[in-house]
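Trainee: What follows is a structure written as structure tokens; I'll ask about it next.
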Amino acid sequence: MNKPFRIGQIVPSSNTTMETEIPAMLMARQTVRPERFTFHSSRMRMKTVKKEELAAMDAESDRCAVELSDARVDVLGYACLVAIMSMGKGYHCVSEKRLKAHTAENGGLAPVVTSAGALVDALRVMGAKKIALVAPYMKPLTELVVDYIADQGFEVIDWRALEIPDNLEVGLHDPARLPEIVAGMNYQDADVIVLSACVQMPSLPAVPKVEAMTGKPVLTAAIATTYAMLKELKLEPFVPGAGALLSGAY
């Protein structure tokens, strides 16, 4: 049997969803494809989703990359979109390059995916020009996310900030509420709906429902990260039941 691919994740200490949704998608893929996966994490301290705490957390990502490279992971995912986007426009490129260099210096070279960069890249793959977006953050941080995405060339025609400051509470948000939230938005002219611009806000169960309700392709930060990881591993980016991006259409 071929050895499984080792999936490394740099995770905020209070994140409870990244290690749930990404393994769920890759385990679902295992039911229809031969490759197998194991999952390995290193954590950065963060409890409250505010700019100062996010910056302090991001400084720990270098240590996490080195720790995960000790395990010789095959790909490494940085699991906090807003931490990257709050550090300045285009910062995902800086972070990915720096963290990859740390893995190389430690003798465990691995490609690095950030959820922020993965979301932007996925929107390009999907041919999106206009998007509607849901985020759990307070309004000032959500505005930073909207501005970051706009700087990458996309028009955010409508967005909702759910204003949940505590990261544990973000992880407890009921994904069954998301279709109703989207129903109240101006999504009709959007090319893609970003159902969760956050890897901590659960959304996976709601993706098929929102796609059926709106007739639009639906993307989340976790779906985009999974797609990017599979591409880095040179594997077919297909996961059953995980939305348009992972349907094999792109």
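Trainee: Considering the stretch 14-34 alone, what residues qualify as being among the basic types (K, R) and open to solvent by 10 Å² or more (accessible area, probe 1.4 Å)?
Mentor: R33
Trainee: Is it true that S95 is hydroxyl-bearing (S, T, Y), in contact with a helix residue (DSSP H, G or I) (Cβ under 7 Å, 6 or more places away or on another chain) and either part of a strand (DSSP E or B) or free of Cβ contacts under 8 Å to residues at least 60 places away in the same chain (or both)?
Mentor: Yes.
Trainee: Considering each residue of the stretch 229-250, count those that are part of a loop (DSSP other than H, G, I, E, B), touching a strand residue (DSSP E or B) at 6+ places or on another chain (Cβ under 8 Å) and either under 18 Å from A116 (Cβ atoms) or among the polar types (S, T, N, Q) (or both), and give that number.
Mentor: 0
Trainee: Filter the stretch 176-197 down to residues that are buried (at least 19 other Cβ atoms within 10 Å of the Cβ) and in a helix (DSSP H, G or I), then give me how many there are. Working first, answer last.
Mentor: Of all residues in the stretch 176-197, those buried (at least 19 other Cβ atoms within 10 Å of the Cβ) come to 178, 182, 187, 190, 192-197.
So of that shortlist, the ones also in a helix (DSSP H, G or I) come out as 178, 182.
The number of residues fulfilling the criteria is 2.
Trainee: Based on this model, can you work out whether M57 counts as within 24 Å of T20 (Cβ to Cβ), open to solvent by 50 Å² or more (accessible area, probe 1.4 Å) and modelled with pLDDT under 95? Working first, answer last.
Mentor: Details: within 24 Å of T20 (Cβ to Cβ): yes; open to solvent by 50 Å² or more (accessible area, probe 1.4 Å): no; modelled with pLDDT under 95: yes.
It is false that M57 is within 24 Å of T20 (Cβ to Cβ), open to solvent by 50 Å² or more (accessible area, probe 1.4 Å) and modelled with pLDDT under 95.
Trainee: Return the residues of the stretch 143-158 that are in a strand (DSSP E or B), of a type outside the set (V, I, T) and open to solvent by less than 70 Å² (accessible area, probe 1.4 Å); say none if nothing qualifies.
Mentor: Taking the stretch 143-158 and keeping what is in a strand (DSSP E or B), we get 155-158.
Applying the additional criterion that residues be of a type outside the set (V, I, T) yields 155, 158.
Hit for the stretch 143-158 is D158, nothing else.
So that you can scan it fast, the table gives a plain yes or no per residue for (1) in contact with a Lys or Arg (Cβ under 8 Å, 6 or more places away or on another chain); (2) in contact (Cβ under 8 Å) with a residue 40 or more places away in the chain:
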| residue | (1), (2) |
| --- | --- |
| V120 | no, no |
| L123 | no, yes |
| P136 | no, yes |
| F154 | yes, no |
| W159 | no, no |
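Trainee: If I filter the stretch 120-142 down to residues being touching a helix residue (DSSP H, G or I) at 6+ places or on another chain (Cβ under 9 Å) and part of a helix (DSSP H, G or I), which single residue comes out as nearest to E53 (Cα to Cα)?
Mentor: Going through the qualifying residues, I end up with L141.
Trainee: With under 17 Å from the mean Cα position of the chain (by Cα), open to solvent by 20 Å² or more (accessible area, probe 1.4 Å), of a type in the set (D, E) and at pLDDT 95 or above as the only criterion, which of D70, D74, D121 stands out?
Mentor: D121
The values are calculated or read from the model by the stated rules, or taken from the named source; none is laboratory data. Predicted model, so just to flag it, every value in this text is computed and none were measured. Cβ atoms come from the backbone with ideal geometry, glycine included; neighbour counts cover every protein chain shown. Note: areas computed on protein heavy atoms with side chains; ligands, DNA, RNA excluded. Shrake-Rupley method; radii C 1.70, N 1.55, O 1.52, S 1.80 Å.
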